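Shown next, in structure tokens, is the structure this report addresses.
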Amino acid sequence: MFRENIEILPEDWPNMKYPDSEKAFAEPAAAVLASIDERYLACPDCPPEPNLDKTRGCRDLPGRVKRCSSCGRATLDAVMLDALHVLHDFGLRDERETLRSVGSPLVVVGYPLAYSPRLGPDSLIIQGENISREAAQAMVQRIPEIRGVILFQGVPGMHKKGTAPLENALLAGSDLRADVCQSLFGELVIYKSQSKIHIEFSRQSAPKMRIIEQLMLQGKASRVVDGLCGPGTLGLMCALAGAKEVVLNDVWLPAVQNVLLNLKANRDLLGIERIEYPQVSSARGRNGTGAGRPCQRCLRYTGLSWRSCQAL
């Protein structure tokens, strides 16, 4: 049954502000894809990769690796080295800790790369363990390439009925990042609030995407239900591939919020003429859904219109 309290999204939207972020905007997918080839390239004047030894402790590593004097970009090693030194300054890493002890580096727009990325401002999110809020804030303030820092506490989401959901903690900056998802039918840009959505980094050998391609080419997926949709990757790709009807559903409210953002970001690529969504209370129940019970909101696609509904 469709909810009556809905709001029509404006047709002319500029950069989309993500609700939990003061720093990051979600660019339209077409704009991201147009600049993708140059996003992480080194300029002609960039120095070679420092190739720091990942097995050496902090005391045996250099104090800093300089950025390029022309483009200002840094190597991934240079950013992780700076982060390691900040953690050491706060007493969270000792002199024997290596670069790998910092955590997982996540570029803000992820796609398969054949080379190590050169990073500009606000282009990396770090997710790691044993990081204090003060150290995270120092990383964001001192290291221009770091957009945000997440404290890893486990795989986020609903895990067991009757228990509170798990979220990783965004300690500083913004956790908004995107993955470019590729298929035979085209590309989509899928945004994720990474502290609340599990990491599923884009790669060329994507078995789930290959299955979708096979089903679509065989004409077996004209109507699709993505029952545990997360940020909407598979369901939205089915819509791009020509499915007549797609239903996306997830019990985890942050996932539903990410799907709404991804509908907006990819509306030109998907040919969406109209999006409707219900007003959702910001108050959360014990399971993080806003109603004290599992969220049953879903998104239904027919033709060129997306609509939110709620099973009563």
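With the structure loaded, tell me whether residue 92 is open to solvent by less than 50 Å² (accessible area, probe 1.4 Å), modelled with pLDDT of 95 or more and not in a helix (DSSP H, G or I) or whether it fails that test. Criteria met by residue 92. Scanning segment 44-76 for residues that are open to solvent by less than 80 Å² (accessible area, probe 1.4 Å), without any contact (Cβ under 8 Å) to a residue 60 or more places away in the chain and farther than 15 Å from residue 121 by Cα yields 47, 50, 52, 53, 54, 57, 58, 60, 61, 62, 63, 65. Note on segment 156-200: residues that are farther than 21 Å from residue 253 by Cβ and not small (Gly, Ala, Ser) total 9.
Of all residues in segment 95-127, those being outside any helix (DSSP H, G or I), over 30 Å from residue 187 (Cα atoms) and out of contact with any His (no Cβ under 8 Å at 6 or more places or on another chain) number 2. Scanning segment 23-43 for residues that are farther than 21 Å from residue 125 by Cβ and either charged (D, E, K, R) or part of a helix (DSSP H, G or I) (or both) turns up 30, 34, 37.
Give segment 235-259 a look and list any residue that's outside any loop (DSSP other than H, G, I, E, B), out of contact with any Cys (no Cβ under 9 Å at 6 or more places or on another chain), of a type in the set (A, V, I, L, M, F, W, C) and surrounded by fewer than 22 Cβ atoms within 10 Å (Cβ to Cβ), or say none. Residues satisfying the conditions are 240, 241.
Tell me, yes or no, whether segment 204-216 has at least one residue that is over 25 Å from residue 28 (Cα atoms) and surrounded by 19 or more Cβ atoms within 10 Å (Cβ to Cβ). For segment 204-216, residues over 25 Å from residue 28 (Cα atoms) and surrounded by 19 or more Cβ atoms within 10 Å (Cβ to Cβ): present.
Residue 216 falls short of the stated requirement of being within 30 Å of residue 68 (Cβ to Cβ) and touching a helix residue (DSSP H, G or I) at 6+ places or on another chain (Cβ under 7 Å). Taking the criterion of being open to solvent by 10 Å² or more (accessible area, probe 1.4 Å), farther than 17 Å from residue 128 by Cβ and either of a type in the set (Lys, Arg) or at pLDDT 95 or above (or both), the residues of segment 143-186 that qualify are 144, 160, 161.
The values are calculated or read from the model by the stated rules, or taken from the named source; none is laboratory data. These numbers were taken from a predicted model, which means no experiment stands behind them. Glycine gets a Cβ as well: all are built from the backbone with ideal geometry, and neighbour counts include every protein chain shown. Ligands, DNA and RNA are excluded from the accessible area calculation, which covers all protein heavy atoms including side chains. Shrake-Rupley method; radii C 1.70, N 1.55, O 1.52, S 1.80 Å.
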